[in-house]
Amino acid sequence: KLGGMTGTASTEAGEFAPVRASGAQIAFLQYTSGSTGQPKGVVLTHANLLANVRAMGAAARATQADVFVSWLPLYHDMGLIGGCFATMFLGFPVVLMSPLAFLSRPGSWMRAIHRHRGTISGGPNFSFELCLRRIPDEEMEGIDLSSWRFAFNGAEPVSPDTINHFEQRFSKWGLRKNVLAPVYGLAECTVGVAFTTP
């Protein structure tokens, strides 16, 4: 019984039977952004997902010592595949924040990286711009960003000015040089295509 309706789902853990899927089986359907035309459905197999997660992990030089801090929504491929599936498969923790918490208070992202000693985190170019515009210096007091080793910027056009200004401004709080990395991806290739390695 599920939600008052009779069905095949069970709430008892002892009756759970995991589904064994082959690499060729469909994992899910992902839609393109529609930025260059009508959104289209892309069929992703389990093999597509695993190949892309492995490639992104290798490009980011991810290890089990990493901590991913993400405010990215799980309905977006960067958040779901990059922030959730990749961390599970590669075996390191992820700290998931509410996207609305980040948007209303961008400093919460910096605070989460500091508190959890985040090593990998990022988002679209607008997220770095939002931090530049809306985080006052006094809100950064006591924050240490020195653990952040891979700050990816993608999902929309990347501005070199944004990268330079972010690096300069947040170096006061331990952000190291050359941590910000432009990345490129698209739904047709699962998510990650090109990474600037750390």
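The values are calculated or read from the model by the stated rules, or taken from the named source; none is laboratory data. On a predicted model such as this, the values are computed, not experimentally measured, just so you know. All Cβ positions, even for glycine, are placed from backbone atoms using ideal geometry, and neighbour counts span all protein chains on display. Calculation scope for accessible area: heavy atoms of the full protein, side chains included, ligands and nucleic acids excluded. Shrake-Rupley method; radii C 1.70, N 1.55, O 1.52, S 1.80 Å.
A few notes on this one:
- Nearest 10 degrees, 0 to 90: helix 160-170 Cα axis against the chain principal axis: 70
- Nearest-ten-degree value, helix 46-59 long axis tilted from longest Cα axis of the chain: 20
- For residue 88, solvent-accessible area (1.4 Å; no DNA, RNA or ligand), Å²: 130
- Enclosing the Cα atoms of the chain in their convex hull gives a volume equal to 162 cubic angstrom per residue.
- Within the shell defined by Cβ-Cβ distances under 11 Å, the residues around residue 131 carry a net charge of +2, with Lys and Arg each +1 and Asp and Glu each -1.
- Using C-alpha pairs below 8 Å separated by at least 6 residues, the relative contact order for the chain is 19 percent.
- Here the mean projected area of the convex hull built on the C-alpha positions of the stretch 112-198 is 5.6 nm².
- Solvent-accessible surface of protein heavy atoms, probed at 1.4 angstrom with all chains present, puts 172, 177 in the order 177, 172, largest first.
- Heavy-atom accessible area per residue - the stretch 66-198, 1.4 Å, Å²: 45
- Portion, in percent, of the accessible area of the chain that falls on carbon or sulfur, probe 1.4 Å: 58
- With every protein chain in place and a 1.4 angstrom probe, the accessible-area ranking of 87, 63, largest first, reads 63, 87.
- Calculated SAXS-style log₁₀ I(q)/I(0) at q = 0.27 Å⁻¹ - the stretch 46-123, Debye, Cα scatterers: -1.31
- Whole-angstrom gap from the stretch 148-163 to the stretch 56-85, using each part's C-alpha centre: 15
- Relative contact order computed over the stretch 55-136 (Cα-Cα under 8 Å; 6+ residues apart), in percent: 34
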